[in-house]
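J.: Before I ask anything, let me first share the structure, which is written out below as structure tokens.
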Amino acid sequence: MGIQTTQCGGQTVQEVDLGSDLVLFHQADLGYGKRRVLTNVNLVVKNGDFLAIVGPNGVGKTTILKTMLGIIRPLKGRVLRAPGIRFGYVPQQQVIDEIYPLTTLEVAAMGRYPIVGPISRLSKKDLDFVLSCLEKVGVLNLANRQFRELSGGQKQRTLIARALAGEPDVLVLDEPTNDMDIASEYAIMELLRDLHESQKVTIVMVSHLLNVVVNYAKTIALVDGGLKTMGSTSDVVTSESLSKAYGLPVQLVDCAGKRVVLAGGETDG
Amino acid sequence: MADVFTVPFLRIALLGGLIVGCLCAFLGIHVVLRRIVFVGAALAQVSSSGVGLALCTNTNVSVVSLVLTLLGVATFSVKSAEGRITQESLIGVAYSAASALAVLFVAKSAHAEAHLLNVLSGNILTITPGQVWLMTTLLVCTLLIHTLFYKQFLFSAFDSETAKACGIRAGFWDLLFYVILGVAVSFSIRVVGTLLAFGFLVVPAVIALLLSQRFAGIYTIATSSAWVSTILGLVLSYRLDLPTGPTIVAVLGVLLVVAWIVSKLTR
């Protein structure tokens with residue numbers, strides 16, 4: 001397969017024709033400097049998938065995201081990306097510095113900067129596209145409000161709009177429902193489901209909230225020291241695999257049409 | 001008040017003060033927003049120690065001061081992903097060390113003391129037309145670069161990881177900002193002194209951020225604050241026979257208090 005190099009996330013990365021796969025981790029060790037966080041990661045992001053990367057806190061889920069985006073390099077092995085792939089990254093809204101006096105529209109418009117180029121200004125067409133992204137996520141009416149005055153859920157939606165403004169091939173989200181109440185959490189996840197199903201957006205999401213992802217993701221990658229298992233949600237999310245990963249009894253129940261993960265108690269079989 | 005500026009050296013001082021004020025106020029907005037005010041202070045001290053070193057070794061003051069400042073810039077702009085020493089600690093160490101070195105250099109050179117005191121407390125009244133041209137060039141270049149690459153600077157400062165994920169070389173734009181800041185601080189100190197340069201860097205930006213929530217308004221208010229304080233400061237220092245740099249900074253302080261009161265009343 002032909003390999004070409006390009007810039008991604010400030011690093012020189014390899015892009016190959018991967019067929020219907022968008023990203024491929026091949027026997028990759030991931031970490032920072034001398035600190036190895038994950039070893040022998042073999043993970044694939046397929047076009048059109050909704051992949052959730054789950055696992056206990058601190059096992060390296062965000063490290064996988066950052067390596068995927070090219071922000072950090074793998075310590076060993078390879079991470080291959082489809083040619084010309086564009087990522088739309090949605091960080092945790094808590095990492096955004098609220099000192100900046102920016103409106104919701106101005107924050108969302110940043111997602112358009114890489115498309116416009118270094119010296120050019122955003123055109124009316126660009127601004128209209130950004131406004132359409134704000135409308136898509138339900139915060140158009142807040143376009144002229146200061147970003148720092150928004151609620152957590154509104155900020156997260158704005159960051160999703162920013163990612164969409166870049167017309168991404170893959171939407172990458174890091175714990176998008178952290179610190180949210182159940183109404184905001186539900187709204188964000190339904191938005192992602194809608195983007196995935198009606199707009200055909202490929203989604204990669206990191207979350208430690210199993211009850212959130214188990215009812216939305218099609219594919220689950222379970223991480224703990226390394227990539228423990230990856231497959232369809234129904235195959236991977238079992239009492240046995242979760243109990244092993246988290247080191248305590250985990251039970252799955254169906255309730256009101258949703259799967260619910262319960263920690264503690266008796267396991268199946 | 002206008003009759004004060006019929007005096008030639010005061011006219012030059014006014015022009016120099018307006019230009020340096022505009023340059024430092026503009027950069028100061030980004031210094032405050034990036035939360036690197038301490039970096040500005042440390043760079044000012046590093047620049048001062050460069051002046052002391054140059055006087056001690058009888059070398060070119062501008063060159064040595066600039067080289068040391070750029071070395072400081074290179075050190076401060078590196079953000080390590082993990083480390084036992086925070087960037088803030090590193091800046092604190094640099095600030096202390098540079099301040100100590102400045103004093104030590106002065107101790108080794110008799111004629112350096114008077115010169116270094118000039119650098120610290122301000123010598124805006126001795127600014128030359130050549131320095132005015134130099135600072136004007138620096139101001140135009142700074143504004144041009146920031147206007148052309150506004151998007152890159154803003155995205156890299158606001159959310160560097162997402163900027164990198166989008167293909168923007170955030171590390172490069174951060175370094176470029178620090179280099180521009182270092183050069184501006186180094187030359188501003190030579191022209192108006194450490195106290196006034198640092199005052200221009202921080203206070204107008206804080207005044208502006210208290211009074212406005214839009215960048216256009218912030219730039220306008222910061223620049224206006226620097227200009228008003230320069231004009232009033234020069235007039236007051238001339239009339240009351242006070243040191244000019246500290247007088248301008250004192251006027252900035254008064255403007256800051258007024259801005260704070262206005263911000264409380266209008267919220």
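J.: Being within 14 Å of chain A (Cβ to nearest Cβ), assigned to a helix (DSSP H, G or I), out of contact with any strand residue (DSSP E or B) (no Cβ under 8 Å at 6 or more places or on another chain) and small (G, A, S) narrows it down to one residue among B:A216, B:A250, B:A226; which is it?
T.: The match here is B:A216.
J.: Follow-up. Step by step: first the residues of region B:86-102, then only those that are over 12 Å from B:F38 (Cβ atoms) and at pLDDT 80 or above, then the one that is surrounded by the most Cβ atoms within 10 Å (Cβ to Cβ). Which residue is that?
T.: Filtering region B:86-102 for residues that are over 12 Å from B:F38 (Cβ atoms) and at pLDDT 80 or above, the one surrounded by the most Cβ atoms within 10 Å (Cβ to Cβ) comes out as B:A98.
J.: Then there is this: Given the condition assigned to a strand (DSSP E or B), surrounded by 22 or more Cβ atoms within 10 Å (Cβ to Cβ), within 13 Å of the chain's Cα centre (by Cα) and not hydroxyl-bearing (S, T, Y), answer yes or no: does some residue in region A:175-186 qualify?
T.: No; the residues of region A:175-186 include none that is assigned to a strand (DSSP E or B), surrounded by 22 or more Cβ atoms within 10 Å (Cβ to Cβ), within 13 Å of the chain's Cα centre (by Cα) and not hydroxyl-bearing (S, T, Y).
J.: Also, I was wondering about something else. Between a residue in region B:152-171 that is more than 7 Å from every other protein chain (Cβ to nearest Cβ) and on the phi < 0 side of the Ramachandran plot and any residue that is surrounded by 21 or more Cβ atoms within 10 Å (Cβ to Cβ) and aliphatic (A, V, I, L, M), which pairs come within a Cβ distance under 6 Å, given they are 6 or more apart or on different chains?
T.: B:S156/B:A163; B:S156/B:A170; B:S160/B:A170; B:A163/B:A170
J.: Can you tell which of B:G28, B:G52 is within 21 Å of B:I145 (Cα to Cα), of a type in the set (G, A, S) and surrounded by 21 or more Cβ atoms within 10 Å (Cβ to Cβ)?
T.: B:G28
J.: Filter region A:105-129 for residues that are β-branched (V, I, T) and more than 21 Å from the chain's Cα centre (by Cα); which is nearest to B:A216 (Cα to Cα)?
T.: A:I119
J.: Restricting to region A:136-187, give me the number of residues that are basic (K, R) and touching a Gly at 6+ places or on another chain (Cβ under 9 Å).
T.: 2
J.: Name the residue that is surrounded by the most Cβ atoms within 10 Å (Cβ to Cβ), counting only residues in region B:198-214 that are more than 15 Å from the chain's Cα centre (by Cα) and either within 25 Å of B:F9 (Cβ to Cβ) or touching a residue at least 60 places away in the same chain (Cβ under 8 Å) (or both).
T.: Of everything passing the filter in region B:198-214, B:A208 is surrounded by the most Cβ atoms within 10 Å (Cβ to Cβ).
J.: So A:V137 clears everything in (1) within 13 Å of another protein chain (Cβ to nearest Cβ); (2) under 15 Å from A:L173 (Cβ atoms) except one condition, right? Which one?
T.: For A:V137, the failing item is (1).
J.: Let me ask you something else. Which pairs have Cβ atoms under 7 Å, sit 6 or more apart or on different chains, and link a residue in region A:102-129 that is within 16 Å of B:T162 (Cα to Cα) to one that is at pLDDT below 95 and of a type in the set (D, E)?
T.: A:I115/A:E167
J.: Now a separate question. Could you tell me whether A:P83 is modelled with pLDDT under 90, more than 12 Å from chain B (Cβ to nearest Cβ) and touching a strand residue (DSSP E or B) at 6+ places or on another chain (Cβ under 8 Å)?
T.: When the stated conditions are applied, A:P83 passes them.
J.: Taking region A:86-121, which residues are facing chain B (nearest Cβ under 7 Å) and β-branched (V, I, T)?
T.: A:I96, A:I99, A:I119
J.: Take the residues in region B:73-84 that are over 17 Å from B:A42 (Cα atoms) and not acidic (D, E); name whichever of them is modelled with the highest pLDDT.
T.: So the residue we want is B:R84.
To keep it simple, each residue is scored yes or no on (1) touching a Lys or Arg at 6+ places or on another chain (Cβ under 7 Å); (2) in contact (Cβ under 8 Å) with a residue 12 or more places away in the chain.
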position	(1), (2)
A:R145	no, yes
A:R148	no, yes
A:Q154	no, yes
A:P168	yes, yes
A:T177	no, yes
A:I182	no, no
A:S198	no, no
A:L209	no, yes
A:A217	no, yes
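J.: While we're looking at this one, here's another question. Enumerate the pairs (first residue in region A:14-34 and away from chain B (no Cβ under 14 Å) and on the phi > 0 side of the Ramachandran plot; second residue anywhere and modelled with pLDDT of 85 or more and not in a strand (DSSP E or B)) with beta-carbon separation below 9 Å, excluding pairs fewer than 6 apart on the same chain, so at least 6 apart or on different chains.
T.: Cβ pairs passing all conditions: A:G19/A:N47; A:G19/A:A82.
J.: Here's something else I'd like to know. Just to be sure before I move on: is B:T137 modelled with pLDDT of 95 or more and away from chain A (no Cβ under 14 Å) in the structure I sent?
T.: For B:T137, the condition - modelled with pLDDT of 95 or more and away from chain A (no Cβ under 14 Å) - is met.
The values are calculated or read from the model by the stated rules, or taken from the named source; none is laboratory data. These numbers come from a predicted model, not from an experiment. Don't worry about glycine lacking a Cβ; one is built from the backbone with ideal geometry, like all the others, and counts go over all protein chains shown.
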